[in-house]
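Okay, structure first, notes after.
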Amino acid sequence: MRRKLFTKQATFIILAVILLCAGTIVRFSFLVQKEMKTEIQNSLKDVAHQNRVTVSGEIQDKFNLLLSIADEIHDTQIKETHLMTELQSIVEQYNFKRMGLVDSDGMVHTTDGYEKDLSFREFYQDGMKGLAGITNTLKDSIGNYAESINVFSVPVYDQTNTIIGVLFATYRTAQFENILDVSSFDGDGFTCIVAQNGDLIASSPSAPSSMRGSSNLLSFFANPNDADISCGKTLNEVFASKENGLGSYESDNQTYYYCVVPLDNLRKDRQWYNLTIVPEQVLVDRSYPVMHHVRRMLIIVFTASLSGIAAYMYTYHLQSKELVRLAYKDTLTDGDNYVCFKENVKHHVNFPGFYVALDLSEFKIINATCGVNKGDTVLKMVWEIIVSGLRSGEYAAHIHADRFILLLKGSSQADLETRLDRLVLRLSSISVQLNIPKIFPVMGIYQTSDHNEIEQNYGKAVQAKHTIKATHSRHYAFYDELDMQQLAENKQLEDSFEEALQNGEFKVWYQPKVNPDDGTLLGAEALIRWQLPDGSMLPPYKFIPLFEQNGNIAVLDEYVFRTVCEQQKKWLESGADTYPVSVNISRVSLYFTDLVGKYKRILDSFQLDPKYVQLEITESATVDNTEISSLIEDFHHAGFTMLLDDFGSGYSSLSTLNVMHFDTIKLDKSLIDYIGDTKGEKLLHYITRLAQSLGMSITAEGVETASQVDFLKDLHCSDIQGYFFSKPLPLSDYEAFAIEHTKQP
Ligand code: C2E
Ligand code: MG
Ligand code: MG
């Protein structure tokens, strides 16, 4: 599933990069084209203006020449032949085709010897009206008819300012074409001179032949075979406006850009224009190298990005694999952890099965006596035995410490029991193999085919395990065996807490602590009992776990503490011998805020010296509670004596002694039970020496026999609490015990 997700992500990223690159190319092409177009249009304008300057200059020069000659001509000279000779030298000098003078009758005298009636020519008629100008392109009507010409003409005046004729110079249109044949856009562009009515005056030789062949450009553009007609319309408008114009048109499946600039041809009524044109292909050709580079660059960027992404994804893949390994592997056994177990069950299990919660009773003893390394070896061996017994499709995991979970297939309890018996045998053999104290595997089993709530299933298996854990009589118990009536009773107990408290149903009993040497009283432990309205007495294990679950234990602990304070105050005030009494604080109560302040205030309210009320914190509370050290310090500051209860019952390691500064350790009954066993006795020696060297006194708890008392006496235990001397006693009995066992002065 993860691999699929990873492949999906990789494909997505690669597609995104491809799209990004493609998008960049398209966008960049567009921008380059746009930029090129602007540049081409600017160049077009430049070239058109340059043409305008050149052509206008040419026209102006010729006019100025003609005007200065016309000034020199007098009416007397008009028919003189030597005038033609003079004009002939100007023709040669200025490369005219010919020059001539048309007299007032319309008769022309030309430098090349022609005499002809030209009264029909417009330039003559205009000249006689006093207008100078240059004609649109004409076919020469003198001599060589084929040649295209333009005629410059100016009127000639006599002294009385009367027009006596028209001076003209015939100009070969080809000369305009030569002027226009300047290289623009590396020869790909072309230029025309066009009259306002669209007549083509001249065009550069590079212009398309279809255009050059057309006498009128407006008609050329009006012909859909030659160009798109909309251009003709636009041009017409530009020509009429006598302004500059910029545009484009389609011809021969090509797009052309053009620029129109008016020329100075002296005749506003017959305005000429310079039309400079460049095909779009020039644009394409010019942008091609840029685009080529851009594409190459993008391909490089694309390849580099892809390689980067591939490298990143490969590293990511490796890291994910490592993360998955870390997330799903148990560091101690290198097998599956609980997270992995849950994933496996969720995705692969759909059969009815048995959830087995397994742990090793007294495992902490192994840790304490044989060292943590040996403990780890035991756990690894346990794991190997568990795994080797799994069938296909079954799962197991190491949860933490000595706790394991298994999910075994099957629906028959009998079959399962055979398997579990075998498992117990194999696990028990570890002790022999490693020469360590006996291992006692305990398992709780919950059967179900519903694997949606794995935590709950495991919780039920654990519940079943707890019913037998302390007994050491059975290795496994099924959840079904849990007494449903018991559950209902528990509920009833939980519900009646408030009422019971108000009714004084909770009684504090006292278990004496005595001097091992002479049996005299040294103190007591306050132990709670619940006297139900029917008179029956409930021991703490029946209700304390319930109140630890719902938080009421904090109220109960405070109640016991207050009761003991009150009682001590009474004893002190009555003058009776008063001994320290230790009160238990549940691990749950420790999490309540301002605990120390609250206890101190209660103590102060009775004006009691804290030496009379000691506090017991169970060993299991010190595990996983990082705040506990500072809490103990705070209690010390408030003056309390702190006792580490149940030491050796299997939760803490010896290092607790060094880290947490208790005044006294209370050896748990399970350690006392080792007396008589050589190794166990060695362990007790070691623990007591260690604790004493750290300045702690030792109370032995659960002492039941005289030999135990003797052994503990040798160990210099400071006091002994156990059935051997006394069971927990109700107040009056305890007072009697105190009187009897008080050391006589
Ligand atoms: P604990 O604090 O370790 O108390 C000692 C337990 O060991 C007592 O059980 C006591 O009766 C029992 N015991 C003492 N000597 C012997 C012996 O020689 N043989 C045997 N078999 N047992 C012995 P009890 O009174 O049933 O209390 C059980 C536990 O309940 C206590 O263990 C303590 O953890 C908890 N508890 C009792 N009273 C309170 C209380 O007021 N508050 C809290 N939070 N827990 C309490
Ligand atoms: Mg205790
Ligand atoms: Mg205890």
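The values are calculated or read from the model by the stated rules, or taken from the named source; none is laboratory data. Since the model is a prediction, treat every value here as computed from it, not as a measurement. Neighbour counts run over all protein chains shown; Cβ positions are idealised from the backbone, glycine included. Side chains are part of the model used for accessible areas, which takes the heavy atoms of the whole protein and leaves out ligands, DNA and RNA. Shrake-Rupley method; radii C 1.70, N 1.55, O 1.52, S 1.80 Å.
3J(HN,Hα) couplings calculated from phi for segment 126-143 with the Karplus curve 6.51 cos²θ - 1.76 cosθ + 1.60 (θ = phi - 60°) are, in sequence order, 5, x, 5, 8, x, 9, 9, x, 10, 7, 5, 5, 10, 8, 4, 9, 10, x Hz; Gly and Pro show x. Computed 3J(HN,Hα) for segment 325-336, one whole-Hz value per residue from the Karplus formula 6.51 cos²θ - 1.76 cosθ + 1.60 where θ = phi - 60°, is 4, 5, 6, 10, 9, 8, 5, 6, 8, 6, x, 5, glycine and proline marked x. R0 = 30 Å: FRET efficiency of LEU434 with LYS713, Cβ-based, nearest 0.05? Efficiency, rounded to the nearest 0.05: 0.35. Using just its DSSP H runs of length 4 or more, each adding -39500 (n - 2.57), the chain gives a mean residue ellipticity at 222 nm of -16000 deg cm²/dmol after division by all residues.
Report the charge-dipole magnitude of segment 46-168 in Debye, nearest 20, computed about the Cα centre from +1 at each Lys and Arg Cβ and -1 at each Asp and Glu Cβ.
About 320 debye.
When all protein chains stay in place and ligands, DNA and RNA are ignored, the 1.4 Å accessible-area order of THR593, THR688, THR578, largest first, is THR593, THR578, THR688. The coefficient of translational diffusion for segment 109-261, derived via Stokes-Einstein from the alpha carbon Kirkwood radius under 20 °C and 1.002 mPa s, stands at 123 µm²/s.
Please report the base-10 log of the normalised intensity I(q)/I(0) for the chain, using a Debye sum with one equal scatterer per alpha carbon and no solvent, at each q in 0.05 (1/Å). Scattering profile of the chain, log10 relative to I(0): -0.54. Accessible surface comparison of ILE163, ILE672, probe 1.4 Å, protein chains only, largest first: the order is ILE163, ILE672. Taking a straight Cα-Cα cut-off under 16 Å and skipping sequence neighbours fewer than 8 places away in the same chain, the aspartates and glutamates within cross-link reach of LYS460 are ASP359, ASP450, ASP480, GLU481, ASP483. Pairs spanning more than 22 Å between alpha-carbon atoms, out of LYS465/LYS513; LYS62/LYS233; LYS465/LYS727; LYS346/LYS409: LYS465/LYS513; LYS62/LYS233; LYS465/LYS727. The residue list VAL260, PHE404, SER307 was ranked by how far each Cα lies along the charge dipole of the chain toward its positive end, using unit charges on Cβ atoms, and PHE404 comes out on top. Calculate how many DSSP beta bridges within segment 57-183 are antiparallel, expressed in % of all such bridges and rounded to the nearest 5. Among the beta bridges of segment 57-183, antiparallel pairing accounts for roughly 100 percent. Full extension of the chain between ASP269 and ASP252 gives 2.8 nm of extra length, using 0.36 nm per residue less the Cα-Cα distance. Relative contact order of segment 397-540, taken over Cα pairs closer than 8 Å and 6 or more residues apart, is 12 percent.
Taking all protein chains together, TYR591, TYR559, TYR328 sort by accessible area into TYR591, TYR559, TYR328, largest first [probe 1.4 Å]. Cross-link reach is defined here as a Cα-Cα straight distance under 12 Å, omitting same-chain residues fewer than 8 places apart; for LYS743 the aspartates and glutamates meeting it are ASP517, ASP518, ASP577.
In a reduced charge model with +1 at each Lys and Arg Cβ and -1 at each Asp and Glu Cβ, the chain shows a dipole moment near 1600 debye about its Cα centre.
Taking all protein chains as they are arranged and a probe of 1.4 Å, the heavy atoms of VAL508 leave approximately 20 Å² accessible to solvent.
Hey, any idea what % of the chain's accessible area is carbon plus sulfur with a 1.4 Å probe?
53
Here GLU455 sits with roughly 100 square angstrom of accessible surface, probe radius 1.4 Å.
Farthest towards the positive end of the charge dipole of the chain, among the residues LEU67, PHE28, ASN584, is the Cα of ASN584, using unit charges on the Cβ of Lys, Arg, Asp and Glu. Straight distance only, please: which lysines reach the Cα of LYS679 with their own Cα at less than 17 Å, same-chain residues fewer than 8 apart left out? Those lysines meeting the cut-off are LYS364, LYS374, LYS438, LYS669. Look at the alpha carbon pairs under 8 Å that are at least 6 residues apart: their mean separation over the length of the chain gives a relative contact order of 8 percent. Taking the Cα centre of segment 546-658 as origin and assigning +1 to Lys and Arg Cβ atoms and -1 to Asp and Glu Cβ atoms, the resulting dipole is close to 280 debye. With both residues required to sit in segment 563-678, DSSP beta bridges show an antiparallel share near 0%. Compared with the dominant Cα axis of the chain, that is its longest principal axis, helix 229-241 is turned about 70°.
Take every DSSP beta bridge whose two residues both sit in the chain; close to 75 percent of them are antiparallel. Calculated FRET efficiency, ASP376 to LEU306, Cβ-Cβ distance, R0 = 45 Å: about 0.40 to the nearest 0.05.
Of the whole protein surface, PHE190 contributes about 10 Å² of accessible area at a 1.4 Å probe radius. With protein chains left intact and a 1.4 Å probe, residues in the chain average 49 Å² of accessible area per residue.
Under 5 Å between amide hydrogens, built in the peptide plane, is the criterion, and for GLY353 it picks out THR448, SER449 among residues at least 5 positions away or on other chains.
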